[in-house]
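Take a look at the structure set out below.
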Amino acid sequence: MLNSDYVRVEHLSHRFHLTRKIAIDALKDVSFAIDRGEILGLVGESGSGKSTVARCVMGILKPTGGRVIYDGIDVNAAKLSRDENVRLQKERQIIFQDSGSALNPRMSVRRILSEPLDIHGLSRDREAREKLLIQNLDFVGLDPGVLESRPGELSGGQRQRVSIARALLMKPKLIVADEPIASLDVSIQAQIVNLFKHLQAEHGFTFLFIAHDLAMVEFLCDRVGVMSKGRLVELAPTRQLYDSPQHPYTKALLAAMPIPDPRRERSREIPVYHAPEYVTRQEWTRVGFDHYVLMER
Amino acid sequence: MSHEALHVQHLHPMPTEAQLAGELRFKVVGRLDTHDMPRPVSGRKVRLPWVSIAVLAIIALGCLLANIIAPGDASYMDLASPAKAPCAQYPFGTDMMGRSIFAMIWHGGRVSLLIGVLATALSTVIAVVYGTVSGAGPVWLDTLMMRVTEIFLSVPSLLIVIFLQAILGPANVVSISVVLGVTSWPTIAKVVRTEVRQLRQSEYVVASRCMGGGFMHVLIHHFAPNFLSSIMFMVVMNVRGAIASESTLSFMGLGLPLEIISWGSMLSNADRALLTGAWWIILIPGLFLVVTLVCMTNIGNALRGEVNRGERNL
């Protein structure tokens, strides 16, 4: 489970207070670790807490319980040294689902990409900066012509590429992508996932990829965690998880993957998973090499 | 966008290690041509109230060039000709003390406009900082700060102005600007706060904070460009309001003393002028004041129309 020291998510819990009386437990005791250079996928239905994990890892949300350790730094610690803060800001980058709202509609692409550089006072020299921007646009397959465009003038796929370019600019060591392909249509999804794969191979960053498209996760990720109702229920290397899912929720999720054959698609049965209403004692059990399942005792 | 450019690679089979290392290395899939991309044409018609802008510009220019238009001391009293009707020597006549109204209009306009601008600048700065802190802060702080503004708004501003003026002592241009400035920020602050409250949830603000953008960075780069258009109208109206308030105060004898010439202090002579039938003493400064205020209202309304027509970025 916690076999790496790079990113450690330890017993993370988060509770959202909707009103004074109503609260929602978005995360309940989630623990996992991400190794350097690894692509970890997190899948699960809407509302299972995937995005909350991403936001806690990025320090956007302060978890109500547990902690996130990034390379020895407690992300949500009350007091961090300046160096630690700058490291967190530079080395972790996030890519959001909706590139339309993740980019300020009033800024040109040039200003959007310059923002992290301005904040940290990097490459102030005009020519060097221009070169850096063009180089990073090239990484994501955009030509320098888009620099003067505003996000509203770009297509969804191009906007998402701009978001990725902005994340790459700081040469991050950890990229958290919160459903980066969910708002794109299928052909563009394939492009972006391919792009992630190439970029990861080229730059070697660690990647936390959150999605609900199982095919994309299977293609991209080294390891996959399955979340359900705020809990991490299964965590295994991709091949192993897809070949022999153990948790009933994972089984139901994988069975729901569409088969591109109408005859088989029509005739098959999809198991339905009902989460137990009263949670009895559950415990992480190792069922295979690096394969863990949350099982009832 | 050309169709060849949208080449999509099939997901399966998975690329081998060798492929990843060699051929696929740096072959970006689905490169998009942006040269032949259709650019949106900005065909938005901007209708500005040119007449109001021109008139206001003439008045402002006249005030700036007061020394050239009406050289000499504006408060010089020609004791031989008090309350003289407009004539060749005094185009707008003289007041009860024999001062040239023509000279006073331009010199006094300086003071009136300066008070308007100073008071507005002060109130805008207070409103932007207050509104942003309230909008971006935690819920309890927001509630507290908004209740304070509501208390402030519920008290007649004239009362607060008179009260503050009494504390500050004899009025001068700066003190009256400060008084008018610190009493006119709550409405702008409320608008700023509402806009910031909605903007701070947006992902580009969250992203900026993640990248390490501090309060001032986010305020300048993300909040301000978005709320500036919606407060522009109020800012212009604030200039108008400050000029009008200064006139009101001076007319009531609470504002600038008689020896500091402003449009308002000129009007404070009005009561005596009305009795003697010297219409030019009250009508001419009044006309300048009203024309200036109407022009500003027009510009303000046009700005509001512009903001409402365009797509909101919330």
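Loop-resident GluC sites (Glu not before Pro) (DSSP state other than H, G, I, E or B) in the stretch A:188-280 with no more than 16 further Cβ atoms inside 10 Å of their Cβ: A:Glu269, A:Glu277.
Can you flag which of A:Lys90/A:Lys171; A:Lys28/A:Lys251; A:Lys28/A:Lys229; A:Lys62/B:Lys190; A:Lys50/A:Lys229; A:Lys28/A:Lys90 are past 19 Å Cα-Cα? In this structure, A:Lys28/A:Lys251; A:Lys62/B:Lys190; A:Lys28/A:Lys90 lie more than 19 Å apart at Cα. Given the Cα atoms of the stretch A:7-296, and with Rh set as the inverse mean 1/r over their pairs in the Kirkwood sense, what is Rg to Rh to two decimals? Result: Rg/Rh = 0.99. The ellipsoid equivalent to the alpha-carbon distribution of the protein assembly as shown has semi-axes of 66, 27, 20 angstrom, derived from the gyration tensor eigenvalues as √(5λ) and listed largest first.
All C-alpha pair distances within the stretch A:155-297, sorted into 10 Å bins from zero, spread as 10, 34, 32, 19, 4, 0 percent across the bins. Taking other C-beta atoms within 10 angstrom as a stand-in for reagent exposure, A:Ser81, A:Ser123, B:Ser230 fall in the order A:Ser81, A:Ser123, B:Ser230, fewest first. In a DSSP loop and with at most 12 other Cβ atoms within 10 Å, the trypsin sites (Lys or Arg not before Pro) in the stretch A:76-179 are A:Lys79, A:Arg124.
Average projection, convex hull of the Cα set of the stretch B:185-257: 6.0 square nanometres. Between the Cα long axis of helix A:126-139 and the first principal axis of chain A there is an angle of about 30°, rounded to the nearest 10. Most simply put, the protein assembly as shown has about 60% antiparallel DSSP beta bridges, counting only bridges with both residues inside it. Scaling against 2.2 N^0.38 Å puts the C-alpha radius of gyration of the stretch B:74-119 at 1.28. Which chymotrypsin sites (Phe, Trp or Tyr not before Pro) from the stretch A:228-297 combine a DSSP loop assignment with at most 15 other Cβ atoms within 10 Å? Those satisfying the criteria are A:Tyr278, A:Phe289. For peptide A:83-92, the mean count of partner chain Cβ atoms within 10 Å of a residue's Cβ comes to 1. Calculated mean residue ellipticity at 222 nm for the protein assembly as shown: -15500 deg cm²/dmol, from DSSP H runs with n ≥ 4 weighted as -39500 (n - 2.57), summed, divided by the residue count and rounded to 500. Here the gap between B:Ala121 and B:Val174, fully extended at 0.36 nm per residue and compared with their Cα-Cα distance, gives a gain of 17.8 nm. A convex hull fitted to the Cα coordinates of the stretch B:50-309 yields 146 cubic angstrom per residue.
At a Förster radius of 35 Å, what calculated FRET efficiency corresponds to the Cβ-Cβ distance of A:Arg124 and A:Arg36, to the nearest 0.05? FRET efficiency, A:Arg124 to A:Arg36: 0.70. Across all directions, the average flat footprint of the convex hull enclosing the Cα atoms of the stretch B:197-239 is 3.3 nm². The calculated FRET efficiency for B:Cys87 paired with B:Leu61, based on their beta-carbon distance and R0 = 22 Å, is about 0.30.
If you wrap the tightest convex hull around every Cα atom of the stretch A:154-198 and split its volume per residue, you get 69 Å³.
Here, each number is a calculation from the coordinates, and none is a lab measurement. Fair warning: this is a prediction, and the values are worked out from it, not measured in the lab. Glycine gets a Cβ as well: all are built from the backbone with ideal geometry, and neighbour counts include every protein chain shown.
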